[in-house]
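The values are calculated or read from the model by the stated rules, or taken from the named source; none is laboratory data. Here the structure is a predicted model, which is why all the values come from computation and not from measurement. For neighbour counting, all protein chains shown are included, and Cβ atoms are generated from backbone atoms with ideal geometry for every residue, glycine included. Heads up: the accessible areas ignore ligands, DNA and RNA and are worked out on the full protein's heavy atoms, side chains in. Shrake-Rupley method; radii C 1.70, N 1.55, O 1.52, S 1.80 Å.
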Protein chains: 2
Amino acid sequence: MPKINPISGFPELLPNQQIAFQKAMGLVKSVYESFGFIPMETPVVERVEHMLAKGISAKEVYGLRRLAAEGEDGDKDLALRFDLTVPLARYVSQHYGKLTFPYRRYHMEPVWRGERAQKGRYRQFYQCDIDVIGDGSLSLNHDAEIPAIIFQIFRKMEIGDFTIRINNRKVLQGLFANVGLSSDADIKAAINVVDDLEKVPAEVTKERLMKLNISDAHAEELMSIFGIAESNEAVFAMLKGKAGENELLDEGVAELEYVLNTAKSFIEKEEQTVFANSFKIDLGIARGLDYYTGTVYETKLNAHPNIGSICSGGRYDDLAGTFSNKKLPGVGISIGLSRLVVVLIEAGLIPAEESTTADVLVTVQNPDKYTDYLNIAAELRSTGLNVEVFAEQKKLQAQLKYANKKGFPKVIIANDDELEKGLVKLKDMVSGEEKLLPVGDLSTLF
Amino acid sequence: MPKINPISGFPELLPNQQIAFQKAMGLVKSVYESFGFIPMETPVVERVEHMLAKGISAKEVYGLRRLAAEGEDGDKDLALRFDLTVPLARYVSQHYGKLTFPYRRYHMEPVWRGERAQKGRYRQFYQCDIDVIGDGSLSLNHDAEIPAIIFQIFRKMEIGDFTIRINNRKVLQGLFANVGLSSDADIKAAINVVDDLEKVPAEVTKERLMKLNISDAHAEELMSIFGIAESNEAVFAMLKGKAGENELLDEGVAELEYVLNTAKSFIEKEEQTVFANSFKIDLGIARGLDYYTGTVYETKLNAHPNIGSICSGGRYDDLAGTFSNKKLPGVGISIGLSRLVVVLIEAGLIPAEESTTADVLVTVQNPDKYTDYLNIAAELRSTGLNVEVFAEQKKLQAQLKYANKKGFPKVIIANDDELEKGLVKLKDMVSGEEKLLPVGDLSTLF
């Protein structure tokens, strides 16, 4: 067979993996919808100028070109979207008059990065985002809702304990102002230092802070604050010791406290204790993106910190920027589901064993009575089951092998004798258990 | 506000349309899965050479180019997929050893066409395909299953009466051989004449047939066969009058008859009569694509023939072609859902009124008791409902306006007094009816 050279960075899943991926997508979507978020999709392309205006590097952008454009411009001004943020900003600005605010949308589609081909670097991957966009202003209640949504998703995914970490950019900015930083550029640089905390040794962090003209003692103090691993209460006690030192700091602490205290009420009572144990202030998280201005979120699996953050996001003051002269503040999160599902499958945290989404395979022992088997399948299907009928002429053994290989949980078997009596055998493919059931009353089957 | 110039041919939906589209996608997917088809997704890009080798015109293909590739090849060998057939052929060939055959997959993703920008011409649109691929051979039972699947989809979509038309390429080829056509090129040209029947006047059809050296009398006879609008039984009687004239014709007629007789058994008994009335032999359909070799399908809405075929497909002998030296016959159909949903909304055949997928909005009359309202929402959500809590500080009237604008079917209203008594008001936004319900026992609500 001719060899087909896979395109690196554009992952493609086999049936069992695709089914696991689709289940994860369905779960994320159902939680997003359970909180009232509505679906949004956009074309895969945006205008190049819009993407570059948002600071995306041209190196990482896939432009389009018509292969034989014959003197037309060939749509060279179009490029595959790099993220779901530019499309959101453009969509909300473009359709502003037709949307109801706060606009609460989820967007679960692929994005493209013009990375150098390299193992583990995806050039196409799904992002699963929610954002709430306010018209002029946006209540902090939305910031408090986000951790509850993150919790529901990963709790339902059953992938082990996880911790949702939360911080507030105003707290960081206030702390930096307190030690003498004043310019936007310096504060931005300091935020980047925080963002890199886990990636570099402590001495490098200290060096970088001192390069910003922060004193040795202040650098030490900041580093102990970033590294504080105490209870939420203890962190607040420490922060409140600084009340009145800096307005932005006070504002950030108040926001952080409101979000922390309100979030749990979004969760049903029986789950609130688990939630409280999964939700921590971490003054050492900053999130890299420039545009966050308040609450920031990060989520890690307790037993697999090396996977990195599985869900991150935050609050921003200004979504639209160049697209609109409206003030459109927002808060949102993103889950990079393509990589996450592959990693979770590899770690054995989500199963990828079945290559079918059907509930039952109807096997065919006598092809001359094929329509009898079809009627059985139609009856089962009308009760809401997913049913496949084996269509090729093969021996029963080969049909059962097919069922096993694809992972059908149940099969129906019936020979002439049984068909005449109006009976079928239902075989459980896991336990091997068989029982006889009457045709015409199969709805009681499962 | 700066003007944003929409990208023509890349349609983008507003929330109400997106929700209607998503419902249609969900319906198609659930029917595909109910027949045991499994999900497949592929990267949006294929290699240019693979697409051109399959006969796709370079003019209509969107290639990629890295905007700043710095001496790299910039992935210029990649292009956005034109259809879901090249990806299927490539996927099945590439992963042959890891798939279970017959491989039954659905694939519901966008495709891209480098059309000239023009109203009504989509350059990005969803195709919703199923195909069954056999390893070496594939039973005709799969051909018989397809009409049942088409029927279930459009029956559940409730868009009025429709007719699934079926023909067989072997019948057409046999008829053409009977009147003297022998070369592949001539038969291909004749098939194209059939494909254009509805688009051109009868005299043009006749002229085109006679150009292929078909006699006047034979052309007349063929045209009356293509145009036959009698019962399936009458069509078979006519075809059987030709038994023994041509082997391919006999084979085609036998296949057509088997498919027609078997298909209804895939449908539950209560629906078989409606199905029989929706399923017709039409010797005048051919489907344009070269690669069909047997059964072909076409589906039209009875009251809206101008919409054209809403679901088409057929049987082919050789899926893989250049990708593989295996013989991989298949049968499949495709629904172009992007255009279809827009047309159905415009025709009033599917509703697009709601801009929310939530079941209920919890309004907030006393923001100081916000967590009480959150607890009510959490209780409702735990029963499986999609619930949004109004988060901004606005008067009740403004909150009800929001509910109305987005189309929430129900809202919860509670003032201080009611909250203290552990009660909430449930208001039906359509009927206006209100009832009091006890918090803690809301699951009996809906």
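When A:G308, A:G330, A:G321 are screened for being at pLDDT below 95, open to solvent by less than 40 Å² (accessible area, probe 1.4 Å) and within 14 Å of another protein chain (Cβ to nearest Cβ), only A:G321 passes.
What about B:K206, is it in contact with an Asp or Glu (Cβ under 8 Å, 6 or more places away or on another chain) and in a helix (DSSP H, G or I)?
yes
For residues in region B:230-264 being among the small types (G, A, S) and in contact (Cβ under 8 Å) with a residue 24 or more places away in the chain, which is nearest to the other protein chains (Cβ to nearest Cβ)? My answer is B:A263. The number of residues in region B:79-101 being outside any helix (DSSP H, G or I), at the interface with chain A (Cβ under 10 Å from one of its Cβ atoms) and either surrounded by fewer than 23 Cβ atoms within 10 Å (Cβ to Cβ) or of a type in the set (D, E) (or both) comes to 4. Check whether at least one residue in region B:172-180 is over 30 Å from B:F21 (Cβ atoms), out of contact with any Leu (no Cβ under 6 Å at 6 or more places or on another chain) and surrounded by fewer than 13 Cβ atoms within 10 Å (Cβ to Cβ), and report yes or no. Within region B:172-180, one or more residues are over 30 Å from B:F21 (Cβ atoms), out of contact with any Leu (no Cβ under 6 Å at 6 or more places or on another chain) and surrounded by fewer than 13 Cβ atoms within 10 Å (Cβ to Cβ).
Scanning region A:360-374 for residues that are among the acidic types (D, E) and either more than 9 Å from every other protein chain (Cβ to nearest Cβ) or touching a Ser or Thr at 6+ places or on another chain (Cβ under 6 Å) (or both) yields one hit, A:D368. If the condition is being within 10 Å of chain B (Cβ to nearest Cβ) and in a strand (DSSP E or B), then region A:108-124 contributes A:E109, A:P110, A:W112, A:Q124. For A:Y373, the conditions (1) part of a helix (DSSP H, G or I); (2) open to solvent by 30 Å² or more (accessible area, probe 1.4 Å) all hold with the exception of (2). Residues in region A:432-445 that are open to solvent by 40 Å² or more (accessible area, probe 1.4 Å) and closer than 22 Å to A:K401 by Cα: A:E433, A:E434, A:K435, A:L436. Taken together, B:S34, B:S8 contain a single residue that is within 7 Å of another protein chain (Cβ to nearest Cβ) and among the hydroxyl-bearing types (S, T, Y), which is B:S34. Quick one: which helices (runs of 4 or more DSSP H) sit completely within region A:211-280 and have at least 3 residues that are touching a Gly at 6+ places or on another chain (Cβ under 9 Å) and within 17 Å of A:Q173 (Cα to Cα)? Once the helices (runs of 4 or more DSSP H) in region A:211-280 are filtered for at least 3 residues that are touching a Gly at 6+ places or on another chain (Cβ under 9 Å) and within 17 Å of A:Q173 (Cα to Cα), what remains is A:216-226, A:247-263.
Scanning region B:320-339 turns up no residue that is polar (S, T, N, Q), within 27 Å of B:A24 (Cβ to Cβ) and in contact with a helix residue (DSSP H, G or I) (Cβ under 6 Å, 6 or more places away or on another chain).
Entry remark, region A:376-397: residues being surrounded by fewer than 19 Cβ atoms within 10 Å (Cβ to Cβ), farther than 15 Å from B:S139 by Cβ and in contact with a helix residue (DSSP H, G or I) (Cβ under 6 Å, 6 or more places away or on another chain) number 1 in total. From the list A:E354, A:E271, A:E298, A:E346, the one residue that fits, being touching a residue at least 12 places away in the same chain (Cβ under 8 Å) and open to solvent by 60 Å² or more (accessible area, probe 1.4 Å), is A:E354. Using the structure shown, decide if A:S338 is assigned to a helix (DSSP H, G or I), touching a strand residue (DSSP E or B) at 6+ places or on another chain (Cβ under 9 Å) and crowded, with 17+ Cβ neighbours inside 10 Å. In short, yes. Condition check: in a helix (DSSP H, G or I), within 24 Å of B:I333 (Cα to Cα) and open to solvent by 40 Å² or more (accessible area, probe 1.4 Å). Does B:K188 satisfy that? Criteria met by B:K188.
The set of residues from region A:125-154 being closer than 18 Å to A:M25 by Cβ and within 9 Å of chain B (Cβ to nearest Cβ) comprises just one member, A:Q152.
For region B:265-298, a residue qualifies if it is among the basic types (K, R) and within 14 Å of chain A (Cβ to nearest Cβ), and exactly one does: B:K269. Looking across region B:205-260 at every residue that is surrounded by 13 or more Cβ atoms within 10 Å (Cβ to Cβ), over 30 Å from A:T371 (Cβ atoms) and hydrophobic (A, V, I, L, M, F, W, C), the one that is nearest to the chain's Cα centre (by Cα) is identified as B:F226. The combined condition, being open to solvent by less than 10 Å² (accessible area, probe 1.4 Å), under 29 Å from B:R165 (Cβ atoms), touching a residue at least 12 places away in the same chain (Cβ under 8 Å) and not β-branched (V, I, T), is fulfilled by B:F151.
Mind counting the residues in region B:399-431 that are without any contact (Cβ under 8 Å) to a residue 12 or more places away in the chain and open to solvent by less than 40 Å² (accessible area, probe 1.4 Å)? Here the count works out to 0. If you take the residues of region A:1-47 that are part of a loop (DSSP other than H, G, I, E, B), of a type in the set (A, V, I, L, M) and within 20 Å of A:R81 (Cβ to Cβ), which of them is most open to solvent (accessible area, probe 1.4 Å)? Per the stated criteria, the residue is A:I7. Taken together, the criteria exclude A:A377 from residues that are within 30 Å of B:Y103 (Cα to Cα), away from every other protein chain (no Cβ under 14 Å) and small (G, A, S). Restricting attention to region A:51-64, does a residue exist that is more than 27 Å from A:C311 (Cβ to Cβ), at the interface with another protein chain (Cβ under 7 Å from one of its Cβ atoms) and crowded, with 20+ Cβ neighbours inside 10 Å? Yes - at least one qualifying residue is present in region A:51-64.
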